[in-house]
1. Restricting attention to the stretch 2-26, and to residues there that are in contact with a helix residue (DSSP H, G or I) (Cβ under 8 Å, 6 or more places away or on another chain) and assigned to a loop (DSSP other than H, G, I, E, B), which single residue is farthest from Arg77 (Cα to Cα)?
2. Might you check whether a residue that is touching an Asp or Glu at 6+ places or on another chain (Cβ under 8 Å) and at pLDDT below 95 occurs anywhere in the stretch 62-76?
3. Please list, ordered by first then second residue, the pairs with beta carbon atoms under 6 Å, 6 or more apart or interchain, first in the stretch 16-42 and touching a residue at least 12 places away in the same chain (Cβ under 8 Å), second outside any helix (DSSP H, G or I) and of a type in the set (Asp, Glu).
4. I'm trying to understand the selection: among the residues of the stretch 18-60, which are of a type in the set (Asp, Glu) and exposed (fewer than 13 other Cβ atoms within 10 Å of the Cβ)?
5. Give the residues of the stretch 12-32 that are within 17 Å of Asn59 (Cα to Cα) and β-branched (Val, Ile, Thr), sorted by residue number.
6. Which condition does Arg77 not pass, out of (1) under 15 Å from the mean Cα position of the chain (by Cα); (2) assigned to a helix (DSSP H, G or I); (3) under 28 Å from Lys10 (Cα atoms), if it passes all the others?
Amino acid sequence: MIDVDLPMMKERRYIYIHDLAVLTRFRQNGIATEMLSYVADYARKIGATKIELAVHLFNTDALRLYEQNGFRPRAVRMERDV
């Protein structure tokens with residue numbers, strides 16, 4: 001067995017947000033921030049220590065929302081054409 005000390009190899013409890021959406025006409029009213037707050041409260045309740053999600057780089061509004069709510073980049077996903 002290989003003994004490695006890498007973050008992705010450690011046991012952890014986290015919540016993953018797969019999708020988060022607010023209809024266009026309801027945006028800029030704090031709804032997404034409220035949803036993220038609810039998820040954070042739930043995460044604490046069940047003993048999770050992190051919330052993770054993925055967001056496309058072109059989605060600058062979502063990037064700004066997540067950064068304003070304490071999210072920070074942790075990994076980069078890359079692709080190439082074949």
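The values are calculated or read from the model by the stated rules, or taken from the named source; none is laboratory data. All values derive from a computational prediction rather than experimental measurement. So basically every Cβ, Gly included, is an ideal-geometry build from the backbone, and we count neighbours across all protein chains shown.
1. Step by step, filter the stretch 2-26, then rank; the result is Val22.
2. The answer is yes; a qualifying residue exists.
3. So the pair list comes out as Tyr16/Glu52.
4. Answer for the stretch 18-60, where residues must be of a type in the set (Asp, Glu) and exposed (fewer than 13 other Cβ atoms within 10 Å of the Cβ): Asp19, Glu34, Asp41.
5. Ile17, Val22, Thr24
6. Going through (1) under 15 Å from the mean Cα position of the chain (by Cα); (2) assigned to a helix (DSSP H, G or I); (3) under 28 Å from Lys10 (Cα atoms) one by one, Arg77 breaks only (2).
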